[in-house]
Amino acid sequence: MTSTLELIVFSGLIGVIIGSFLNVIILRVPKNENISLPASHCMTCQKPLKWYHNIPIFSWILLGGKCAFCKEKISIQYIIIEFLTACMFISIALRIDSVSEAFIYSILFSMLLALSVIDLKYKAVPDCISIPTLFVSFLVGDFFNSFSSALFLIGGFTLLRFVVSWIIKKDAMGEADIIIAGIIGATVGVELGLIAIYISALMALIVFFILSKKEYELPFIPFLAFGLYITWIFSEQATNLIRIIYE
């Protein structure tokens, strides 16, 4: 039987590799660039990187966060995404015994992480990532229940968007937020989905007040994705809380 330490090491290694690929997606997809060609290269001097320049986390550390050729600084985003993805894979592996199920959840949350960073950087969410992510979310449980829960929250979010937009006289929330709401419903169901959205809104509200004096358009997808992740990780505790409330 695989020990906990072996599980952590293996899932962490897979996570940093996937995280490295997520960096490519985050960098190239919003620019409509090919994710496989050209090969990895310095964004400043354009020189192709050697294989040992592409080892997740370690290469960034050993290079001191600078290009091996032109010495231009390399964004710390790379190592952060790789580290977060590794942590995410480890947490999922420790929570789920089924390898196939853990794989689906890992892919789902990896795609949500990519969408979150893209939304933060570009204030835009590519349909070529969000729509496939929605379909992946249908695979995490019973398809009919996932699909119906997704439709319920999509409908609720659409109505909320209409009401809020009518009140403030301008567009509120983006269409991509509605898709993420569907992903939340498909992943954890309606009841836990509402908790996830509440957590997301609460976090967003706190950050909004902190940044209220700055001209910054606050993206909502990172909060929705994180709210879903927290709710899913602590789904048992959240379910018990719902039962207490109902009783």
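Annotations
- Against the test of being touching a residue at least 24 places away in the same chain (Cβ under 8 Å), within 21 Å of Tyr229 (Cβ to Cβ), surrounded by 14 or more Cβ atoms within 10 Å (Cβ to Cβ) and of a type in the set (Phe, Trp, Tyr), the options Phe69, Phe83, Phe21 yield a single qualifying residue, Phe83.
- Residue among Ser100, Ser130 that is in a helix (DSSP H, G or I) and within 23 Å of Ile199 (Cβ to Cβ): Ser130
- Filter result for Tyr52 (over 21 Å from Thr231 (Cβ atoms), touching a residue at least 40 places away in the same chain (Cβ under 8 Å) and not β-branched (Val, Ile, Thr)): no
- For the stretch 122-154, the tally of residues that are touching a residue at least 60 places away in the same chain (Cβ under 8 Å) and over 22 Å from Ile17 (Cα atoms) stands at 5.
- Lone qualifier among Tyr216, Tyr122, Tyr198 - being in contact with a helix residue (DSSP H, G or I) (Cβ under 6 Å, 6 or more places away or on another chain) and modelled with pLDDT under 95: Tyr122
- Taking the conditions (1) more than 13 Å from the chain's Cα centre (by Cα); (2) modelled with pLDDT of 95 or more in turn, Leu108 satisfies each one other than (1).
- Where Ile61 falls short, out of the listed (1) assigned to a helix (DSSP H, G or I); (2) β-branched (Val, Ile, Thr); (3) within 20 Å of Val117 (Cβ to Cβ): (3)
The values are calculated or read from the model by the stated rules, or taken from the named source; none is laboratory data. As the structure is a computational prediction, the values presented were derived from the model and not from experiment. All Cβ positions, glycine included, derive from the backbone under ideal geometry; neighbour counts span all protein chains shown.
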